[in-house]
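A short worksheet on the structure shown next.
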Amino acid sequence: MANETTLILFKPDAVKQNIVGKVLARYEAEGFTINGIKMMSLSDEILAEHYSHIADKPFFPSVREFMQETPVIALALSGDNVISRVRDLLGPTDSKEAAAGTIRGDFGEKSEDSKMRNVCHASDSSEAAEAELQRFFNAGEVVAR
């Protein structure tokens, strides 16, 4: 098993529903360690960088608008194989397809926006995690425990 650190973003739907603590408790129950956590408002620049793979798509403005509805909570989480295990806990990106018992299955919206309003973003690879952690945390904000 590999000890890894990943980025989780609690999206505005999670913040609005006041379920951040419930979801965070699920991560902690899996034995993951919090190495950094903060609330922040996302600028147009950080969103354009984070979503550079879709920034030229016609639906990007609605993604940007959603991600700026409320501040988000950035979480640096570590543990054995945390990247794949967190993604399994979350379930599929589309909350309508997520099984009960997964975070998105239990808390994600079952609407036409179910791919966007899906509680959390999680890094999908170690390379993405490294870049995303640097994007959302400043030096010294992610600490070893």
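The values are calculated or read from the model by the stated rules, or taken from the named source; none is laboratory data. Being a predicted model, the structure only gives us computed values, none of them experimental. Cβ coordinates were reconstructed from backbone atoms using ideal geometry, including for glycine residues, and neighbour counts include every protein chain displayed.
Here are some residues: Asp80, Asp88, Asp94. Which one is under 16 Å from Asp124 (Cβ atoms) and out of contact with any Lys or Arg (no Cβ under 9 Å at 6 or more places or on another chain)? Please lay out each step first, then the result.
On the way: Asp80 fails: under 16 Å from Asp124 (Cβ atoms); Asp94 fails: out of contact with any Lys or Arg (no Cβ under 9 Å at 6 or more places or on another chain).
Exactly one residue qualifies, and that residue is Asp88.
From the list Lys96, Lys110, exactly one residue is out of contact with any strand residue (DSSP E or B) (no Cβ under 8 Å at 6 or more places or on another chain), assigned to a helix (DSSP H, G or I) and at pLDDT below 95. Which is it?
On the way: Lys110 fails: assigned to a helix (DSSP H, G or I).
So the residue among Lys96, Lys110 that is out of contact with any strand residue (DSSP E or B) (no Cβ under 8 Å at 6 or more places or on another chain), assigned to a helix (DSSP H, G or I) and at pLDDT below 95 is Lys96.
State all residues of region 1-17 that are part of a helix (DSSP H, G or I) and either of a type in the set (D, E, K, R) or closer than 11 Å to Ala76 by Cβ (or both); if no residue qualifies, say none. Write out each step before concluding.
First, the residues of region 1-17 that are part of a helix (DSSP H, G or I): 12-17.
If the condition is that a residue be part of a helix (DSSP H, G or I) and either of a type in the set (D, E, K, R) or closer than 11 Å to Ala76 by Cβ (or both), then Asp13, Lys16 are the ones that fit.
In region 60-88, what count of residues is obtained for those that are farther than 24 Å from Gln17 by Cα and free of Cβ contacts under 8 Å to residues at least 12 places away in the same chain?
Count: 1.
Please state which of the following conditions Arg145 fails to meet, knowing it meets all the rest: (1) over 14 Å from the mean Cα position of the chain (by Cα); (2) buried (at least 18 other Cβ atoms within 10 Å of the Cβ).
Arg145 satisfies all of (1) over 14 Å from the mean Cα position of the chain (by Cα); (2) buried (at least 18 other Cβ atoms within 10 Å of the Cβ) except (2).
Just to check your reading of the model, which residue among Pro92, Pro61 is of a type outside the set (A, V, I, L, M, F, W, C) and within 22 Å of Thr5 (Cα to Cα)? Before the answer, list the steps.
On the way: Pro61 fails: within 22 Å of Thr5 (Cα to Cα).
Result: Pro92 is the single residue among Pro92, Pro61 that is of a type outside the set (A, V, I, L, M, F, W, C) and within 22 Å of Thr5 (Cα to Cα).
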